[in-house]
Amino acid sequence: MIERIARGTAVACIVIAMLFAIATRTLAAPLGVLGGGVLIGLSFWAIRGAVDALISHHPGLPRRSGEDAKAGETGGKSAGFSLVKFFTRHAIVALAAYVMMVRLHLEPVGMLAGVSSLGIAVAIESFRDVRWRRFL
């Protein structure tokens with residue numbers, strides 16, 4: 001399901017960027033949408049890394065396939081290291097947002113639309129799930 005949501009996010013971001021390009025006839029707005037898509041991708045990477053680290057600290061929780069062998073090789077990492085890694089990743093997201101808005105002069109409304117593409121993809125996936133459950 002995560003992969004379908006990621007694909008849906010990318011498709012929604014591209015469609016929104018095309019709509020912004022048609023509506024504004026400038027380059028800054030669709031680039032802002034794509035920049036927002038990059039920001040939501042970076043944020044997803046940061047959150048998923050934190051969740052994976054949390055799961056690896058609790059032996060009773062299920063792990064992704066291949067995770068057991070990798071954890072046995074590297075040994076356990078401390079929760080403090082995972083917390084530092086989580087905040088460092090979010091600092092990277094904040095720095096990327098700063099660079100996009102201040103240095104690259106991308107459209108902030110376009111960036112907001114690009115970030116909201118994840119919400120659009122999740123809404124579409126939830127409606128798809130409800131529609132299929134009704135017939136089962």
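The values are calculated or read from the model by the stated rules, or taken from the named source; none is laboratory data. Note that the structure is a prediction, hence the values are computed from the model and not measured. We place every Cβ from the backbone using ideal geometry, glycine too, and count neighbours over all the protein chains shown. In case anyone asks, the SASA skips ligands and DNA or RNA and just uses the protein heavy atoms, side chains included. Shrake-Rupley method; radii C 1.70, N 1.55, O 1.52, S 1.80 Å.
Report the paramagnetic label zone for PHE127: residues of the range 1-45 whose backbone N is under 16 Å from a point 7 Å from Cα along the Cα-to-Cβ axis. Inside the label zone: 5, 8-9, 11-13, 15-16.
Please list 43-52, 12-21 highest first by mean number of surrounding beta-carbon atoms within 10 Å per residue. Could you put the intermediate results ahead of the total?
On the way: 43-52: 14.9, 12-21: 18.8.
Most protected by this proxy first, the peptides run 12-21, 43-52.
Sorting check: for 22-32, 83-93, which peptide has the highest mean count of neighbouring beta carbons within 10 Å, and how do the rest follow? Display every interim value, and only then the final one.
Working: 22-32: 16.2, 83-93: 13.8.
Descending mean neighbour count gives 22-32, 83-93.
Taking the Cβ-Cβ separation of MET18 and LEU112 as r and a Förster radius of 25 Å, what is the calculated FRET efficiency to the nearest 0.05?
On the way: r = 17 Å, r/R0 = 0.67.
Approximately 0.90, to the nearest 0.05.
Ignoring ligands, DNA and RNA, what percent of the accessible area of the range 4-48 is carbon or sulfur (1.4 Å)? Carbon and sulfur: 79 percent of the exposed surface of the range 4-48. Each residue of the range 91-104 is assigned a 3J(HN,Hα), and the resulting list reads 5, 5, 4, 5, 5, 5, 5, 4, 4, 5, 7, 8, 8, 8 Hz, derived from the Karplus form 6.51 cos²θ - 1.76 cosθ + 1.60 (θ = phi - 60°), x at Gly and Pro.
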